[in-house]
Amino acid sequence: MNLRVETQNPREGVAVIALGGEVDVYTSPRVKQEIVNLLNAGTPKMVVDLTGVEYLDSTGLGVLIGGLKRARERDGDLKLVCDNTRILRIFEITGLTKIFDIYRSSADALDKL
Amino acid sequence: MSETLPLAEVTLTIPSRPEYVGVARLAILGVASRMRFSYDEVEDIRLAVGEACTNAIDRLNGSGATERPISLTCTIDANRLMIEARSPLASTPPRPRSTEEADLDNLMEGKELSGVLIRILMDEVESEEDASAGIHLLRMVKYVAR
């Protein structure tokens with residue numbers, strides 16, 4: 001599976017999920033599970049760092065949208081980090097830049113959580 | 001008047017399973033890279049083909065037709081690439097998902113986004129179903145910029 005998932009808790013109730021590789025129909029269930037596990041463990045505020053992601057499809061977008069919805073239902077939030085123009089373009093052409101807060105670095109995203 | 005023959009045709013068949021969508025993406029990357037597409041256009045085609053395969057797998061999920069493969073035919077011309085994705089029509093209705101499961105997967109968002117992406121990324125998109133043959137056809141065309 002060409003997906004890397006690394007999660008850190010920089011402070012209580014806050015997580016940073018760093019993804020790498022390909023987030024597609026095959027690998028996105030792993031990402032969804034990571035988000036669900038964090039929410040169930042009482043971590044409703046999270047940053048998903050897409051810096052290492054080389055490929056993202058609609059399934060991955062769906063998982064991120066679901067994560068954002070569920071985080072907000074728990075008074076949390078899900079912010080994204082991305083500096084890859086190819087990946088950013090997918091958010092732009094689907095209109096998802098209006099839904100997600102996207103930052104250039106994890107530090108910037110954490111400041112806004 | 002006779003039709004112009006394509007320069008080349010490449011056909012790939014993959015199982016209707018998520019782990020093989022990456023194989024289709026790699027293959028189309030190789031095909032599109034041999035044409036006069038820009039880097040961004042090649043990436044657009046790769047994403048569109050991945051979405052086409054994902055759509056087919058989603059549609060077949062729980063239908064009992066996943067043993068039948070997805071076929072991709074790439075017709076290479078001087079000024080365009082046509083990709084025809086043929087997938088089996090579901091022989092039985094897809095397995096119903098519980099509300100909770102559907103919510104967790106956020107399937108609707110993904111499916112809607114998939115169609116949006118394909119239409120934006122490719123120059124021409126059309127789909128049709130042949131019920132007698134049990135085939136769903138998605139035809140996508142990308143033109144080489146002049």
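Net charge dipole, chain A: roughly 240 debye, given to the nearest 20, about the Cα centre with Cβ charges of +1 for Lys and Arg and -1 for Asp and Glu.
Between residue B:141 and residue A:7, what FRET efficiency comes out of the Förster formula 1/(1 + (r/R0)^6) with R0 = 41 Å and r the beta carbon distance, rounded to 0.05? Spell out each step's value before the answer.
On the way: r = 42 Å, r/R0 = 1.02.
The pair residue A:7/residue B:141 has a calculated efficiency of 0.45.
Taken along the Cα-to-beta-carbon direction at a fixed 7 Å, the label points for residue A:40 and residue B:79 span 5.7 nm.
Between residue B:112 and residue A:69, take the C-beta separation as r, use R0 = 22 Å, and let me know the FRET efficiency to the nearest 0.05. Walk me through the numbers before you get to the answer.
Values: r = 15 Å, r/R0 = 0.67.
Taking R0 as 22 Å, the efficiency between residue B:112 and residue A:69 is 0.90.
Using +1 on the beta carbon of Lys and Arg, -1 on that of Asp and Glu, and nothing else charged, what's the dipole of the protein assembly as shown about the Cα centre, debye to 20?
Numbers: 31 positive and 40 negative charges, 48 e Å.
That gives a dipole near 240 debye.
Assuming 0.36 nm per residue, please report the length gained on full extension of the stretch residue B:61 to residue B:26 beyond their Cα-Cα distance. Let's see the in-between values first.
Values: separation 35, 0.36 × 35 = 12.60 nm, distance 2.32 nm.
Net length gain for the segment: 10.3 nm.
Between amide H atoms placed 1.01 Å from N, distances below 5 Å from residue A:4 occur with A:20, A:21, A:22, all of them 5 or more places distant or on a separate chain. Dipole of segment A:7-48 computed with +1 at Lys/Arg Cβ and -1 at Asp/Glu Cβ about the Cα centre; of A:31, A:13, A:48, farthest Cα towards the positive end is A:13. Residues B:84, B:128, arranged from fewest to most other Cβ atoms within 10 angstrom of their Cβ, appear as B:128, B:84. Projected label points at residue B:125 and residue A:83, each 7 Å from Cα along the beta carbon direction, are separated by 3.2 nanometres.
Taking the number of Cβ atoms within 10 Å of each Cβ as an exposure proxy, the fewest-first ranking of B:86, B:34 is B:34, B:86. Annotation: peptides B:44-52, A:19-27, ranked by per-residue average of other Cβ atoms within 10 Å with the highest first, follow the order B:44-52, A:19-27.
Among A:79, A:69, which comes first, then next, by fewest other beta-carbon atoms within 10 Å? Present the calculation step by step, with values, prior to reporting the outcome.
Numbers: A:79 23, A:69 14.
Ascending Cβ contact count within 10 Å gives the list A:69, A:79.
Is segment A:1-108 best put as rounded, prolate or oblate by its Cα gyration tensor, with a ≥ b ≥ c the root eigenvalues, rounded for a/c under 1.5, and otherwise prolate when a/b is larger than b/c, oblate when not? Note, shape of segment A:1-108 comes out rounded. Per residue, chain A reaches -12000 deg cm²/dmol at 222 nm when only DSSP H runs of four or more residues are counted, each adding -39500 (n - 2.57).
We did not get these values from a lab; they are worked out from the coordinates using the rules stated. Keep in mind that this is a model prediction, so the values were computed, not measured. As a convention, Cβ positions derive from the backbone with ideal geometry for all residues, glycine included, and neighbour counts pool all protein chains shown.
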